[in-house]
Amino acid sequence: MSSGSARTYIFSGPTLDRESITAIVPQATVLPPIGHGDLFRLSPLRGDSILILDGRYHQSAAIRHKEILHFVSQGVAISGASSLGALRAAELDTMGMRGIGTIYDWYRTGKVTEDGEVAVAESVHDHRMLSLPMVNLRWALEQGSNRGVLDSETASRILEAAQRIHYAERSWRLLERIVRRDDPDLAACVAALTKVAVEDRDLYDLKARDAREALQSLNTRHQLVPEVVEIPRTRHFAEWQWHHTRARGSTDPQDPVTEELVSRYRRLHERSFPRRWRTHVLRAVSSSSASGRKLEDAALLSARKQGITTDLLDPVRIEEWVTASEHTDCSERDLLLKVLVRSFPSTNSSFAAGAPGWRRDRAHRQVRQCLKTNEAVAARDPGASVWLISHDALRAVLEHSWQADLTDERQRQALARDRGFRSYADAAEAGRPFCIRRSGMR
């Protein structure tokens, strides 16, 4: 599938600001440093181009290799340079990701190997670089050696001194003070390097140099679209994708309303969900598209072939899956059907959120309103968090939504499993993002 009009996305932060990027690639959409899930949220199409410069790694999960490879396999041209992009490109260049620049070459050839070589501290609000990356220091020492300003032994001693400084604190000025204290013979050399590095950033900021080279390549080099290859889809990958992919109809790559949240809201608060989940499970068990009693018969027949019969409904086993009243009032047939549904080994993403008949717009709107309420409450009280909501409050919301008394353990477990949750505890936790608005606590 092609986007019709190919788009260009660039993930950057400390390395180059938005104005510097759009001055070279005016049509680019510039996004903050990339993290795990951001490509799923972006959902690029075949023919689009993505350049990864900066990425998150300390404050949240870094972009996963398999996430990149998934979109490479879909025909998206993904390249990397300068920082985390250079590191990922060196790791994935034999599988379709393209690397650009000196830092990429250093990682590819093994001249540098540590992730921390490109790590920097950055401003939370505007992603300004607040510390000196090791790769920039290496580059400065290399330039000095090439010009005969310092010899290899001196360069090695300066490098060792810099490596003893935590990446978030490393700077030319701090390095100068430490060398003056611990190795005075190097002080004059480091002072000279500091002066030229601060005054001539275009030469000594290797990250920015590589980034500009990569940006120019987007304008001047044909972006090869890789062959579509099959990427194994594990359960964990499916969960990642579902968790991060923005909800259908959204065009904002940073939209917080995701398929997971919409699906989670439906599971918890759509009155018809238990019926839909039951049909889904019985069809999965029976491999049948029938409905009604024919579907039940097909599911029971399939279960019987696997040795699952009413003989298994002894008092010890049955208490795990049905309520006391169900055990007393239901036929063996109905009990077995309930056990099949409630014991189904579901994953969070095993039921299609876009199934026919869903009122997608309503669920999407409700989730967005809940998230806005959470933001408003947190703005009034910075200590407020959905993670601090009590279990009693969570239960009260579900009691109202499910129209049931959830004080009984077997009852609440059964109702949660009828909605595709592994347990009531999972259902209650899944309801946190919606609790404030639905409970009226705002």
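Restrict the check to segment 233-249 and report whether at least one residue is within 17 Å of residue 418 (Cβ to Cβ) and either among the acidic types (Asp, Glu) or surrounded by 16 or more Cβ atoms within 10 Å (Cβ to Cβ) (or both). No; the residues of segment 233-249 include none that is within 17 Å of residue 418 (Cβ to Cβ) and either among the acidic types (Asp, Glu) or surrounded by 16 or more Cβ atoms within 10 Å (Cβ to Cβ) (or both). It is to be established whether one or more residues within segment 266-281 are over 39 Å from the mean Cα position of the chain (by Cα), among the hydroxyl-bearing types (Ser, Thr, Tyr) and either part of a helix (DSSP H, G or I) or more than 30 Å from residue 436 (Cβ to Cβ) (or both). Within segment 266-281, not a single residue is over 39 Å from the mean Cα position of the chain (by Cα), among the hydroxyl-bearing types (Ser, Thr, Tyr) and either part of a helix (DSSP H, G or I) or more than 30 Å from residue 436 (Cβ to Cβ) (or both). Restricting to segment 38-52, name every residue that is in contact with a His (Cβ under 6 Å, 6 or more places away or on another chain) and open to solvent by 10 Å² or more (accessible area, probe 1.4 Å). 41 - this is the single residue of segment 38-52 that is in contact with a His (Cβ under 6 Å, 6 or more places away or on another chain) and open to solvent by 10 Å² or more (accessible area, probe 1.4 Å).
Taking the condition of being modelled with pLDDT of 90 or more and in contact with a strand residue (DSSP E or B) (Cβ under 9 Å, 6 or more places away or on another chain), how many residues in segment 129-149 meet it? Looking only at that region, the number is 1.
In the set 108, 128, 147, only one residue is in contact with a Pro (Cβ under 8 Å, 6 or more places away or on another chain), charged (D, E, K, R) and open to solvent by 50 Å² or more (accessible area, probe 1.4 Å); that residue is 128. For segment 285-330, residues that are touching a helix residue (DSSP H, G or I) at 6+ places or on another chain (Cβ under 9 Å) and in a helix (DSSP H, G or I) total 20.
Looking across 93, 105, 54, 126, one residue alone is farther than 25 Å from residue 20 by Cα and either modelled with pLDDT under 90 or among the acidic types (Asp, Glu) (or both). It is 93.
Residue count for segment 270-302 under the criterion of being over 26 Å from residue 431 (Cα atoms), surrounded by 18 or more Cβ atoms within 10 Å (Cβ to Cβ) and among the charged types (D, E, K, R): the result is 1.
Scanning segment 256-284 for residues that are in contact with a helix residue (DSSP H, G or I) (Cβ under 6 Å, 6 or more places away or on another chain) and aliphatic (A, V, I, L, M) turns up 257, 261, 262, 281, 282.
Within the set 75, 35, 55, the sole residue that is touching a Leu at 6+ places or on another chain (Cβ under 9 Å), under 24 Å from residue 115 (Cα atoms) and either open to solvent by less than 30 Å² (accessible area, probe 1.4 Å) or among the basic types (Lys, Arg) (or both) turns out to be 55. Between 142, 122, the distinction of being of a type outside the set (A, V, I, L, M, F, W, C), open to solvent by 40 Å² or more (accessible area, probe 1.4 Å), within 19 Å of residue 204 (Cβ to Cβ) and touching a residue at least 40 places away in the same chain (Cβ under 8 Å) belongs to 122 only. Within segment 196-214, the set of residues being over 11 Å from residue 140 (Cβ atoms), at pLDDT 85 or above and open to solvent by 10 Å² or more (accessible area, probe 1.4 Å) comprises 209, 212, 213.
Residues in segment 153-195 that are in contact (Cβ under 8 Å) with a residue 40 or more places away in the chain and open to solvent by 20 Å² or more (accessible area, probe 1.4 Å): 167, 168, 169, 171, 172, 189, 192. Of the residues making up segment 405-442, those that are in contact with an Asp or Glu (Cβ under 8 Å, 6 or more places away or on another chain) and open to solvent by less than 20 Å² (accessible area, probe 1.4 Å) are 406, 414, 416.
The values are calculated or read from the model by the stated rules, or taken from the named source; none is laboratory data. Note that the structure is predicted; figures quoted are calculated from it, not measured. Neighbour counts are summed over all protein chains in view; Cβ atoms, including those assigned to glycine, are modelled from backbone coordinates with ideal geometry. Just so you know, the surface numbers come from the protein's heavy atoms only, side chains and all, with ligands and any DNA or RNA stripped out. Shrake-Rupley method; radii C 1.70, N 1.55, O 1.52, S 1.80 Å.
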